[in-house]
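Below: the structure, in structure tokens.
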Amino acid sequence: MPAHPRFIVDSMLGHVARWLRLLGYDTLYFRDIEDWKLLRIAKEEGRILITRDVSLYRRARKENLEAILVEDPEIDTILAELSRRFGVELEFHKDDTRCPECNTRLIYTTSITDVAHKIGKNIALRYKEFWICPKCGKVYWQGKHWKTINQILESARIKKAKLVSKTMIKERRIYVGEGTTNNNALSTEKNSL
Ligand SMILES: [Zn+2]
């Protein structure tokens, strides 16, 4: 698994693409794309496919592509699962974030002159940190919605912790069944502490 995985999402999961981009992950999303093209891009660019479509998921797995089938549409659940499986960091990094609209890496600035022509006076007076997209020109700041973003990330971290502990309990059960003299069982016990 790459240290900084890249993703491609199906056309039903635009909100997942926006979130992953916010968290700094290179994520492709097309409003309208045929399945075979989606699979081809995933294969050629080594991207993990995220989909709600069971048949698309099966096709991807058949072709040995890394893929995840989203069953629960709640964003915190999806992020928790992506974090557990692919190591997605559930933290916002101001120097490593992408444009939710176009996936381009954003430029961080505290200079009002960089963004003054793009924002209203009230925003300029209220905020000190901005992000500029060098491709589509959009300017972002941590507005009122930022509180919600942090709440969702916190909820995703809690859900991830639960998922991880569930997996560990399952593993422990398996090892207990196989006998405690197994070396793997000991190291699993150690890791779970
Ligand atoms: Zn952009």
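Criterion first (in contact (Cβ under 8 Å) with a residue 40 or more places away in the chain, in a helix (DSSP H, G or I) and not small (Gly, Ala, Ser)) does TRP36 satisfy it? Show your work before the answer.
Values: in contact (Cβ under 8 Å) with a residue 40 or more places away in the chain: no; in a helix (DSSP H, G or I): yes; not small (Gly, Ala, Ser): yes.
No: the conditions fail for TRP36.
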Flagged in region 3-21 as surrounded by fewer than 20 Cβ atoms within 10 Å (Cβ to Cβ) and more than 14 Å from ALA67 (Cα to Cα), in numbering order, are ALA3, HIS4, SER11, MET12, GLY14, HIS15, ARG18
For region 112-123, does any single residue satisfy the condition of being within 16 Å of the ligand (Cβ to nearest atom), of a type in the set (Val, Ile, Thr) and buried (at least 19 other Cβ atoms within 10 Å of the Cβ)?
yes
Of (1) away from the ligand (no atom under 14 Å from the Cβ); (2) on the phi < 0 side of the Ramachandran plot, CYS99 satisfies every one except (1)
Of ARG31, ARG21, ARG58, ARG47, the only residue that is modelled with pLDDT of 95 or more and more than 25 Å from GLU89 (Cβ to Cβ) is ARG58
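How many residues does region 126-160 contain that are hydrophobic (A, V, I, L, M, F, W, C), away from the ligand (no atom under 16 Å from the Cβ) and over 16 Å from the mean Cα position of the chain (by Cα)? So that I can check it myself, show each step before the final result.
Of all residues in region 126-160, those hydrophobic (A, V, I, L, M, F, W, C) come to 130-133, 136, 139, 141, 146, 149, 152-153, 156, 158.
Restricting the remaining residues to those that are away from the ligand (no atom under 16 Å from the Cβ) gives 146, 149, 152-153, 156, 158.
Going one step further and asking which of them are over 16 Å from the mean Cα position of the chain (by Cα), we end up with 146.
Count: 1.
The values are calculated or read from the model by the stated rules, or taken from the named source; none is laboratory data. Not measured: the values here are computed from a predicted model. Note: ideal-geometry Cβ built from the backbone for every residue, glycine included; neighbour counts use all protein chains shown.
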